[in-house]
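Below you'll find the structure, written out as structure tokens, and then a few comments.
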Amino acid sequence: MGRDRIDAYLQTHANDFEEQLKALLRIPSVSAQPAHDVDTRQAARFVHDDLAAMGLKTEIVETKRHPLVYAERLTAPGKPTVLFYGHYDVQPPEPLEPWKSKPFEPVVRDGNVYARGATDDKGQMFTHLKAAEAWLKTVGELPVNVKFLIEGEEEIGGENLEEFVAKNAAKLACDYAVISDTSQFAPGEPAITIGLKGLAYFEIHVEGANRDLHSGTYGGAVANPLNALAEILASLKGPDGRVRVNGFYDAVRDLDDSGRKAFADLPFSEEEFRADLGVRETFGEAGYTTLERKGARPTCDVHGLWGGYSGDGPKTVLPCKAGAKFSFRLVPDQDPAAIARQVRAHVEAHAPPGVTVELISHMGSPGIVVDVDSPGFRAAVKAIEASFGVAPLFIREGGSIPVVGLLKKHLNVDTLLLGWGQNDDNLHGPNEKFSLADFHRGIKAIAHLLDELSRTS
Ligand code: BES
Ligand code: MN
Ligand code: MN
């Protein structure tokens, strides 16, 4: 089975892996910004070439926007098939000022590599590639059939992936799906993520008069789009932290005793949580703990607001337009399309007179929870124990990974969410980082997982 030889390969090549990861991190593959379209293409090419070089049948698949990479090696007849998913695209690095080193010039400090995409998801995704490489370069073969699907539109909630998965359901068919794009519970406390939230994302545009006006001359006589927007946004959530959209909670399953116990049993310190974030108190839906709010309750947040004047000094303007972006995180059984209809009805009912309101509903994804009582799950537990030296905790995450819902819907497969990140990795923020020790432990865990899965059927 060759585990010793594989572990030795991982050790001798640890430095090479780090250098290769840094090369990938130097490519500014920001999917949201069209100016970086050549870079997303280059990142796809990088992933393609790495997979092709280790002997997988690899292709770059064009989509309407950023290409995706598909690779397979189906040379283990009678053995299970494992589909690995990851994303090579990254969030915009802005604002640049708080970065201690440049976002696309990876630097190692205190055992962490700092760069945009270090943890989300280049570093984590790369653990799958290097684990496969270790098998192929030592044993010469993989113990299971593998497929890789690495996309470039995860961070923009791209709609092209669903089309690809739907059209290629037979090609992608698998017994297990594996994603490393989540976090551990804490340093030294690896975790398997058993739940993710869904997402329903909106943009709102509010318009009033046909031009900006003097707020003294016209104020009080003409509706102010910014005031109107504030009213609409404030109506979404009550002071008790509950979403006030009609029907929003209809499908939400309340936590049962065992669900609550699972959260209560996790080694979590409310005080450390507050201290880390520099907040005096936490805030959320009444009646739930912080971990329950983060992992198992739907939420509503505003992400950006614009309109009027926010430059230096005062300007007494009555703006003619205003806008905002906001979203709801969803839990299992909440249907993003139904939520979008409810939010539209809510906004229409709460728009004050005198303004026109346009609501744009961006694509949504459903929340998920996976069954822990499965052979794949038990294999993952063993693989993580073998690599990290401790058994993983089972956690529910507030983040969203839309492909998990797609794999369930189109391939009827539950995903093993084996994340190597840490909560303070600053994903999406300045100074994103990834622990190199976790990087190597992740590679080893995946290498062992392939072996464990080969003994399931
Ligand atoms: N890797 C994250 C999701 C994530 C973050 C999982 C933290 C667990 C912990 C993913 O790349 C991401 O950012 N997802 C977006 C949704 C997407 C549709 C833009 C998110 O959760 O906001
Ligand atoms: Mn990610
Ligand atoms: Mn992300």
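FYI, it's all coordinate maths here, none of it is from the lab. Predicted, not measured: the structure shown is a model, and the values here were computed from it. Ideal geometry is used to build each Cβ from the backbone, glycine not excepted, and the neighbour counts take in all protein chains shown.
Descriptive notes on the structure:
- Whole-angstrom gap from region 269-285 to region 175-229, using each part's C-alpha centre: 22 Å
- Centroid-to-centroid separation of region 389-421 and region 426-450 [C-alpha atoms, Å]: 16 Å
- Beta bridges assigned by DSSP with both partners in the chain are antiparallel in approximately 70 percent of cases.
- Per-residue Cβ neighbour rank within 10 angstrom, fewest leading, 41, 109, 116: 109, 41, 116
- In the structure shown, the pairs 167/197; 122/433; 122/171; 237/325; 64/102 are assessed against 20 Å; a Cα-Cα span above that value is assigned to 167/197; 122/171; 64/102.
- Spacing of the two label points (7 Å from each Cα toward its C-beta) at residue 101 and residue 303, in nm: 2.9 nm
- Cα-based helix-to-principal-axis angle, 123-138 vs the chain, degrees rounded to 10: 10 degrees
- Evaluated with a Cβ-only charge set (Lys, Arg +1; Asp, Glu -1), the chain carries a dipole of roughly 420 debye about its Cα centre, given to the nearest 20.
- Exposure proxy ranking, count of Cβ atoms within 10 Å, fewest first, for 408, 100, 197: 100, 408, 197
- Value of Rg/Rh across the chain [Cα atoms, Kirkwood radius]: 1.00
- Ellipsoid semi-axes in whole angstrom, largest first, where each is sqrt(5λ) of the Cα gyration tensor of region 311-439: 41, 23, 10
- Each label was represented as a point 7 Å from its Cα along the Cα-to-Cβ direction; for residue 382 and residue 335 these points are 4.1 nm apart.
- Computed [θ] at 222 nm, deg cm²/dmol, the chain (DSSP H ≥ 4; -39,500 (n - 2.57); rounded to nearest 500): -10500 deg cm²/dmol
- One decimal place: the segment residue 412-residue 283 gains 42.8 nm when fully extended, by the rule 0.36 nm per residue minus the C-alpha distance.
- As a proxy for reagent exposure, ranking 369, 69 by other Cβ atoms within 10 Å from fewest up yields 369, 69.
- Cα long-axis angle, helix 336-350 against the chain (0 to 90 degrees, to the nearest 10): 10 degrees
- Helix 3-12 vs. the chain, principal-axis angle (Cα, 0 to 90°, nearest 10): 60 degrees
- Residues in region 406-429 reached by a label modelled at residue 61 [backbone nitrogen below 15 Å; 7 Å Cα→Cβ]: 406-412
- Distance between modelled label sites at residue 4 and residue 222, nm, 7 Å Cα→Cβ extension: 8.3 nm
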